[in-house]
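Structure record follows, encoded as structure tokens.
The values are calculated or read from the model by the stated rules, or taken from the named source; none is laboratory data. None of these values were measured; they are calculated from a predicted model. Every residue, glycine as well, gets a Cβ built from its backbone with ideal geometry; the counts of neighbours run over all protein chains shown.
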Amino acid sequence: MIIPPDILSPLKGSRGMTLLEIMLALLVLAMVVAMVALSLSGSLNVVSETRKQGELYHQAQVALERISDDLASAVMVNDVRFQGKRMAIDGRRADSLRFASMAHIVFDPKHDHPGMAIISYTVRPDPRNSGDLVLLRADRLLTPPAGQDGNGEGDEGFLLCNGLRSVRFSFTDKSGETFDSWGASPEDEKDMTPRRLPVTVTCTLEFRLDRDQNTSLTFSTSVLLPVGLIQAERGGGGGS
């Protein structure tokens, strides 16, 4: 087979790529791949951070709504004092709260019923994540069904939220003065006669966002206690 000269003529002047040209091409390709990988990694980090913040927002919303419902239904009972204690764990606020409320949650309608309950909030170190705190909620009926213990003593309750750095409660009386504790002095604990409830309670939850950068997200809500407001308007009862 004879190849025409006009077909071979362009091939005579062509040459292959040199090693330097190949290395330059690989270098450009590596730079492009690195830029794409860096951009993708940044996008994934943003997505992960956004998802984590979304989970914290949801957890905080659920916890604060539960606390608000419990406090809004707080009542005065002779044998149960409204007590808010300023406490600390590893130098961080880990306040506790205990009071009577009509916001008892019925999980098993066959063996439980609505009614007045002792509700308490306590903070404990997180056993799974060193340095974090967990918030626990206990809920025991004052008049439990037959065969059940309703005093609530020694029962820390169920996990309400985790990943916390601190939990703070503050209390406002009828004059607008704010306190870090309420009805928690030794004198108050010995005297179980009814005392007035705070007018408002503010709950502040601080969640750990990034352990390496030591950042956090803080959520806060203030709850008006109708019984405390009525007491303030009437001007009766003892002080805090």
Inset, instruction - Examine the stretch 67-86 for a residue that is exposed (fewer than 15 other Cβ atoms within 10 Å of the Cβ) and in contact (Cβ under 8 Å) with a residue 40 or more places away in the chain, and state whether such a residue exists. - result: yes
Inset, instruction - Please state which one of 48, 120 is surrounded by fewer than 19 Cβ atoms within 10 Å (Cβ to Cβ) and not in a loop (DSSP other than H, G, I, E, B). - result: 48
Legend entry - Subset of the stretch 104-117 [in a loop (DSSP other than H, G, I, E, B) and either in contact (Cβ under 8 Å) with a residue 40 or more places away in the chain or touching a strand residue (DSSP E or B) at 6+ places or on another chain (Cβ under 7 Å) (or both)]: 104, 105, 115, 116
Inset, instruction - Scan the stretch 46-89 for residues that are among the β-branched types (Val, Ile, Thr), touching a strand residue (DSSP E or B) at 6+ places or on another chain (Cβ under 9 Å) and at pLDDT below 90 and jot them down. - result: 77, 80
Inset, instruction - Examine the stretch 103-112 for a residue that is surrounded by 18 or more Cβ atoms within 10 Å (Cβ to Cβ), at pLDDT below 95 and closer than 18 Å to residue 200 by Cα, and state whether such a residue exists. - result: yes
